[in-house]
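A quick write-up on the structure given underneath.
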Amino acid sequence: MFSNPYILCSLTRIFYLARIQTDSVAAMLKDFYPDLQMEIVAMSTIGDKILDTALSKIGEKSLFTKELENALERNEVDLVVHSLKDLPTTLPPGFTIGAVLKRENPHDAVVLHPKYKERTLDTLPENSVIGTSSLRRAAQLKRRFPHLNFKDIRGNLNTRLKKLDEKDDYAAIVLAAAGLQRMGWEQRISQILSPEDSLAVEVRSSDADILQMVSVLHHGDTVLRCISERAFLRHLEGGCSVPVAVHTELKDSQLYLTGAVYSLDGSDSLKETMETSVANGDEVDEQLQRVGVTANQICGEVQDRAEQLGVQLADLLLSKGAKEILTVARQLNDA
């Protein structure tokens, strides 16, 4: 099936969590292709190197992907494993998401400073400082917990937990529950909040052999959910510099999409939910990308419905004033 059926080179970021995620993908591929040998290469990205500036203020859309994609383009590697949230909704020409894996725990998790281990965000003292690297998380939490202050925190999981435990700068930090679980640190989770993340495998869109090989990792329900979410974010031009939230549920062949936009301080917001049927239509065999995802084995008509749902929900929020909220948020963030 491949030009070299035994050796595949995968690229990952240098951090321990990224290596764990890549190793898990490698193990799944080995289950399907027992003779496959994988060489895993690690490297740093812009986002890994700039740790003294909030993600929302760096201004680079491919903070955690650009260098990895450069190596992929030079044929130095065959695939790259990402957290899907790190991939822009518009990929550079020549690249595609060849596999979207089953979503793990999609929630945000609160990790409290040891001296507050018996507390929750609700019961922390007035003006306690909460660390997060996400503008979206901060805006949502400011709305829910107006007695707290929110401050940017950067670095890998180890670094952020060390900043929390060894200093008194933060009463708590908010992280993705999936990352903590992949690291085996579930015991650090003090409180579970709202949804978030999945893994994606990025490949060259012209490499039919690799695309076919990684397609076995696609999780159908997660693919449809991610297409809808990415379509919503792309249509709103949502990214690290604006507080936009999106969540999906799939139940009884109905895909439910909830989207929201927030002002930076969380005082102004819009939130709506829409749904569509994702019951199987006529099967099609087409190599089409939908918001960067290529999923040949999933009915194209159903993928189209998922994408349209994202666009329709974005249009609904825009008609209710989302553009104005996001414009002010961008201006304040830039300032």
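The values are calculated or read from the model by the stated rules, or taken from the named source; none is laboratory data. Bear in mind that the values here come from a model prediction, so they are computed numbers and not experimental data. Counting neighbours? That spans all protein chains shown, and the Cβs are built from the backbone with ideal geometry, glycine included. For the accessible areas, the whole protein counts, side chains as well, though only heavy atoms, and no ligand, DNA or RNA atoms are used. Shrake-Rupley method; radii C 1.70, N 1.55, O 1.52, S 1.80 Å.
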For segment 67-82, does any single residue satisfy the condition of being surrounded by 15 or more Cβ atoms within 10 Å (Cβ to Cβ), at pLDDT 85 or above and closer than 18 Å to S134 by Cβ? yes
Criterion first (basic (K, R), within 30 Å of D23 (Cα to Cα) and surrounded by 14 or more Cβ atoms within 10 Å (Cβ to Cβ)) does K142 satisfy it? no
Verdict on T96 being β-branched (V, I, T), farther than 14 Å from R204 by Cα and either modelled with pLDDT of 90 or more or in a loop (DSSP other than H, G, I, E, B) (or both): no
Might you check whether a residue that is surrounded by fewer than 15 Cβ atoms within 10 Å (Cβ to Cβ), in contact with a helix residue (DSSP H, G or I) (Cβ under 7 Å, 6 or more places away or on another chain), not acidic (D, E) and not in a helix (DSSP H, G or I) occurs anywhere in segment 252-262? no
Test for D221: is it assigned to a helix (DSSP H, G or I), open to solvent by 30 Å² or more (accessible area, probe 1.4 Å) and closer than 20 Å to A178 by Cβ: yes
Could you say whether any residue in segment 126-137 is at pLDDT 90 or above, of a type in the set (S, T, N, Q), assigned to a loop (DSSP other than H, G, I, E, B) and surrounded by fewer than 23 Cβ atoms within 10 Å (Cβ to Cβ)? yes
Breaking point among (1) assigned to a loop (DSSP other than H, G, I, E, B); (2) within 30 Å of E307 (Cβ to Cβ); (3) of a type in the set (D, E), for D122: (2)
Being within 30 Å of A208 (Cβ to Cβ), open to solvent by less than 50 Å² (accessible area, probe 1.4 Å), in contact with a Phe, Trp or Tyr (Cβ under 7 Å, 6 or more places away or on another chain) and not hydroxyl-bearing (S, T, Y), is that true of even one residue in segment 304-312? yes
Which condition number does P243 fail, the rest of (1) touching a Phe, Trp or Tyr at 6+ places or on another chain (Cβ under 6 Å); (2) surrounded by fewer than 21 Cβ atoms within 10 Å (Cβ to Cβ); (3) closer than 16 Å to R230 by Cα being met? (2)
Of the residues in segment 155-208 that are small (G, A, S) and not in a loop (DSSP other than H, G, I, E, B), the one that is farthest from T12 (Cα to Cα) is A172
Go through the residues of segment 315-322 one by one and say whether even a single one is among the small types (G, A, S), out of contact with any helix residue (DSSP H, G or I) (no Cβ under 8 Å at 6 or more places or on another chain) and either open to solvent by less than 80 Å² (accessible area, probe 1.4 Å) or within 19 Å of A139 (Cβ to Cβ) (or both). yes
When you go through I192, I227 one by one, which is the residue that is closer than 24 Å to T273 by Cβ, among the β-branched types (V, I, T) and open to solvent by 20 Å² or more (accessible area, probe 1.4 Å)? I192
Given the structure, is T53 surrounded by 20 or more Cβ atoms within 10 Å (Cβ to Cβ), modelled with pLDDT under 90 and farther than 23 Å from N296 by Cβ? no
